[in-house]
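The values are calculated or read from the model by the stated rules, or taken from the named source; none is laboratory data. Since the model is a prediction, treat every value here as computed from it, not as a measurement. A quick note on method: Cβ atoms are made from the backbone with ideal geometry, for glycine too, and the neighbour counts reach across all protein chains shown. Side chains included, ligands, DNA and RNA excluded: accessible areas come from the protein's heavy atoms. Shrake-Rupley method; radii C 1.70, N 1.55, O 1.52, S 1.80 Å.
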Amino acid sequence: MPRTRTGADTGTRTGSGSSTDTGAGTGTGTRTGAGARSRTGTARRTGTAHRTGRGSGTARRDDALVRAGRALRTVLLIALAALFLIPFYLLLRNGLSTEQDITSPAWTFFPSHLQWSNLRELFDDPAVPMARSLLNSALIAVTTTLGTVLLASLAGYGLARIPYRHANKVFYAILGTLMVPAAVTFVPSFVLVSTLGWISTLRGLIIPTLFSAFACFIFRQYFLGFPQELEDAAKVDGLGYWRTYWRIVVPNSAPVFAAVGTIVFIGAWNAFLWPLVIGQDKSAWTVQVALSTFTTGQVVNLHELFIAAAVSIVPLLLVFLLLQRHIVAGVERSGIDD
């Protein structure tokens, strides 16, 4: 006789089967998830290792390129420095040599016996007053530098800061003088100096060259960017334009003053044509005029010429070495690129 299953039996088996199946499925899912996570972690570590390897290789290549660039730059700078030092080497080498060593076809790096007596011979030469010429050049260069810096800075400050409706017109007129060739004004300037009786005098050598349109332009551009707050504070304290210029502007404008002063000093020291025409007497010769007398149609004195040239550049080297950092700073802050 068929046996009738009760609901309890059915429920028991159903529950047991479901629990078993469900547990088995859960275990399988757990193992599957763990395996997936393990494979994912392994893949991530592998990818990270590959990326780390590629990054290390790129970094090494970048370091190698940087080192190569530095080495190339160093070699290039050494080559350029050697190229620029060649004239100084020639001055010293030929200045301490005899005429035979200078003109000899067999070139030597330095003569076997350095002729220090050439220096004494230079200053003892009665035909060329070298000591007097150096003194004249120093006086002219220093005075011209001080006068040019003073006049150009005052003009530049006035054009930049003092309200005046024709200031731009005056500035453009000053710039226009830069376009006039020096040969055009040379003869009128000589006639004027001659009329005043300034031939072979320091006045004739200095005064006509005091004002520089280029220096005025540099100062004007620099003062346009000068902090207005400093000048406003000076006005609150009761300072006018003149005292503001001396107490506020000048102390805070050292770079541009040094830069312009260096440029003017070098130009005044190296000037040749104007001192040659005006300084007709030996007592008014400058160092450049004195150098020109060592090579003439009748006389060629090479060893004195080279040693005199070496002596004449010493003041320029000292000025440049002392003020070189101000030259770049002053020109960069002058607003030329604006």
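Charged side chains reduced to their Cβ positions (Lys and Arg at +1, Asp and Glu at -1) give segment 114-185 a dipole of some 580 debye around its Cα centre.
Solvent-accessible surface of segment 81-134, averaged per residue with a 1.4 angstrom probe and all protein chains in place: 66 square angstrom. Here segment 285-328 exposes an accessible surface that is 72 percent carbon and sulfur, computed with a 1.4 Å probe and the other protein chains kept in place. Coordinate range of the alpha-carbon atoms in segment 48-163 per principal axis, descending: 85, 68, 19 Å.
To the nearest 10, the accessible area of residue 235 is 110 Å² with a 1.4 Å probe. Between segment 260-312 and segment 140-177, the alpha-carbon centres lie 30 Å apart. Residue 96 contributes about 10 Å² of solvent-accessible surface, heavy atoms of the protein only, 1.4 Å probe. When each of the peptides 310-320, 98-108 is scored by the mean number of other C-beta atoms lying within 10 Å of its residues, the order from highest to lowest reads 310-320, 98-108. Of the chymotrypsin sites (Phe, Trp or Tyr not before Pro) in segment 125-230, the ones in a loop by DSSP (not H, G, I, E or B) with at most 16 other beta carbons within 10 Å are 164, 211. Net charge of the neighbourhood of residue 123, taken over other residues with C-beta under 12 Å away and scored Lys/Arg +1, Asp/Glu -1, is -2. Each Lys or Arg adds one and each Asp or Glu takes one away; over the other residues whose Cβ falls under 13 Å from the Cβ of residue 245, this sums to +3. Residues 73, 93, 243, ordered by accessible area of protein heavy atoms at a 1.4 angstrom probe radius and largest first, appear as 73, 243, 93.
Rounded if a/c is under 1.5, else prolate if a/b beats b/c, else oblate: with a ≥ b ≥ c from the C-alpha gyration tensor eigenvalues square-rooted, which is segment 133-183? Write out the running numbers ahead of the final one.
Details: a/c = 6.71, a/b = 1.77, b/c = 3.79.
Taking the square roots of the gyration eigenvalues as a ≥ b ≥ c, segment 133-183 is oblate.
Counted over segment 193-301 with a bin width of 10 Å, the fraction of Cα pairs per bin, in whole percents, is 12, 29, 23, 19, 12, 4, 1.
Averaging over all projection directions, the Cα-based convex hull of segment 97-177 occupies 10.4 nm² in the image plane.
Under a model in which nothing but the beta-carbon of Lys, Arg (+1) and Asp, Glu (-1) is charged, segment 198-338 shows a dipole of about 300 debye around its Cα centre. Under a 5 Å amide H cut-off, with hydrogens placed 1.01 Å from N, residue 280 pairs with 200 among residues at least 5 apart or on other chains. Of the residues 124, 232, the one with the largest accessible area comes first in the ranking 124, 232, computed with a 1.4 Å probe on protein heavy atoms. For segment 189-232, with all protein chains in place and a probe radius of 1.4 Å, 67% of the accessible heavy-atom surface sits on carbon or sulfur.
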